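Structure first, then comments.
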Amino acid sequence: MCYEEGMLQAYIDRELPGRKRWEIEAHIERCGACRERLALLQDANEAASARLAELSKQLHDNPVSTEAAWVRLTQDERIAAQARRRGVFEMLQGRLKTVLVPVAAVAVLAIALSLAPVRGIAADFLNIFRVQNVEVITISPGDMDELRKLGEEGRGMVDIENLGKIETSGHTPPAQVSFKAAKDAVDFELKQPGGMDGYSAPSFTLQKGFSTSFTLDVDKANEIFKSFGAAELLPKALDGERFTAKMPTVVMANYSKNSGGMVSIGQARSPEFILPAGVDADAVRDVLLSLPVLPENIRRQLMAIKDWRNTLIIPNIDGSAQEVKVGSEDGVFVTPAPEHAYGDSALIWQKDGVIYMVSGQLDLVAAQEIAASMR
Amino acid sequence: MALKSRLKRTVAPDDFAFRELFEANYSMVFRHLILIVGEQATAEDIAQETFIKLYERPPEEFTNLSGWLIKVSTNLAYNYLRGEKSRKRREMADMSITEISADDCFRASETGEVRDALRRLDYRDRALIVLKFYGFSYGEIAEMTGVKKSSVGKVLARALEKFKQAYERKS
């Protein structure tokens, strides 16, 4: 009995069980026609492999623009929608999120951090806070281990969504716009860098401002805090209170480097944090800072920030963030951890009520040069 | 903690965990899709869809992430090409034009003869050849393309023959 080509192909591809293989081998010994068919097939297989190897080499020689694909991906509404539900300041510029610890107790820190970057303008019935300082706190490998351990014990698995309800309004996906449209969308003068030699003309992305509210469920939050061993709990009066973060309109100017890679320059007003009437922000802060799960070293640094209401706190993990000067202003330079070779670094500072960020695969000097050239 | 839960918990689009996976795998997925769908813009679209799937519903195991990405992207490409084919058929019927290449989207472009030859194949044949070249088993190929496992050998043998002819005619 002769074998049709499908069977012979399966034989070549070693897809047949042992017994079938032997049958075919025995048959081929005797049958010239099958032997010839097999030889032709093998020939076609080898030729195809060789050609595909060649083609795949050709394709590898053509660079793929991963950077552009990444930018496009992050603009997809499905991705943006998930990002929106997360922390607070990272929504202003997602890249900041890269320095946050991707492990346990993030919720606790996130609350501490998102309440921290605030400034009380004691309005009669609202507390409105704005960022005026940027400060770095150092998270040591020991702290990281502590946080990680919590995560492994399952105690760090607290999503901010378990503590209350999050609502976002007015959010639209970022859009590519003209320079004029970007200019018109903000109430301050956009700055542009001077010498961007070797870069394309910028494209502008506009993320319109929006607001996110968090309605606290005190019982749930306290239950979780208790499981952390907290002695101090949130006052019952906070139940159902709405905390609002107003995210500013952000303009990003994206310069592609001719040799690949990209530099992005972001500009925005400070986000605002609005606490409801009569909420004692200090009391909330005290509860959060007294949580026993917070490593001592982090607690001490958070406590030491005097003007905590108007300070944006950037965690420094393994030397990833350092306080630097940008002209006469204080700024922070954030670098990706060494294992993330392709990550972007970012230089962040604020001047005259506007927060600026220069990011890309830049070292401090290069980022400072761009920052200094901005007019 | 399993990478999956890490990813689930922490992936915001700018998170390193996700970005790292994206940067490590995007060009592989894109090149694969260029082979399957042929056209750059379509390959980019489907590559993006693939990573959105990774973001939204990451696999249980990350031990063979590239295998997972190839499978998902092939499935998406297949759905697209199938839709494209029937769309063209409908358009053809409307316009009563008689000749059609099912794979117009694999349009002539930059690179050489091999690509030309591959381009001339039906998308199913093309996918089978490419997936076999990567070393997938018949079972996996069947799962990705919807060709019955017991027919993979047969379809593949014919596809390879057509590929050879297309290539030899060209050169």
Can you pull out every residue in region B:29-67 that is farther than 21 Å from A:Ser65 by Cα and surrounded by 20 or more Cβ atoms within 10 Å (Cβ to Cβ)? B:Pro58
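Quickly run through region B:146-171 and pick out the residues that are among the hydrophobic types (A, V, I, L, M, F, W, C) and under 18 Å from the mean Cα position of the chain (by Cα).
Hits for region B:146-171 are B:Val147, B:Val152, B:Val155, B:Leu156, B:Ala159, B:Leu160, B:Phe163.
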So which helices (runs of 4 or more DSSP H) are wholly in region B:112-171 and hold at least 1 residues that are of a type in the set (Ser, Thr, Tyr)? B:123-134, B:138-145, B:152-170
So A:Met7 clears everything in (1) out of contact with any helix residue (DSSP H, G or I) (no Cβ under 7 Å at 6 or more places or on another chain); (2) at the interface with chain B (Cβ under 9 Å from one of its Cβ atoms) except one condition, right? Which one? (1)
Considering region A:167-212 alone, what residues qualify as being under 23 Å from A:Trp349 (Cα atoms) and either among the aliphatic types (A, V, I, L, M) or touching a Cys at 6+ places or on another chain (Cβ under 7 Å) (or both)? A:Ala182, A:Ala185, A:Val186, A:Leu190, A:Met196, A:Leu206
Kindly indicate whether A:Pro63 is within 12 Å of chain B (Cβ to nearest Cβ), surrounded by fewer than 13 Cβ atoms within 10 Å (Cβ to Cβ) and farther than 14 Å from A:Cys2 by Cβ. yes
Cβ-Cβ below 9 Å, separation at least six or inter-chain, first residue in region B:132-159 and more than 9 Å from every other protein chain (Cβ to nearest Cβ), second part of a loop (DSSP other than H, G, I, E, B) and of a type in the set (Lys, Arg): which pairs? B:Ala142/B:Lys148
Among residues of region A:195-214, those that are modelled with pLDDT of 80 or more and aromatic (Phe, Trp, Tyr), counted: 2
Could you grab me the full set of residues in region A:1-53 that are of a type in the set (Lys, Arg) and surrounded by 15 or more Cβ atoms within 10 Å (Cβ to Cβ)? A:Arg37, A:Arg51
Looking at A:Gly319, A:Gly360, A:Gly353 in this structure, which one is within 14 Å of chain B (Cβ to nearest Cβ) and either modelled with pLDDT under 85 or under 17 Å from the mean Cα position of the chain (by Cα) (or both)? A:Gly360
Identify the residue in region A:165-194 that is at pLDDT 90 or above and not in a loop (DSSP other than H, G, I, E, B) and, among all such residues, is surrounded by the fewest Cβ atoms within 10 Å (Cβ to Cβ). A:Lys180
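The values are calculated or read from the model by the stated rules, or taken from the named source; none is laboratory data. Remember, predicted model here, so these are calculated numbers, not experimental data. Cβ: placed from backbone, ideal geometry, glycine included. Neighbour counts: every protein chain shown.
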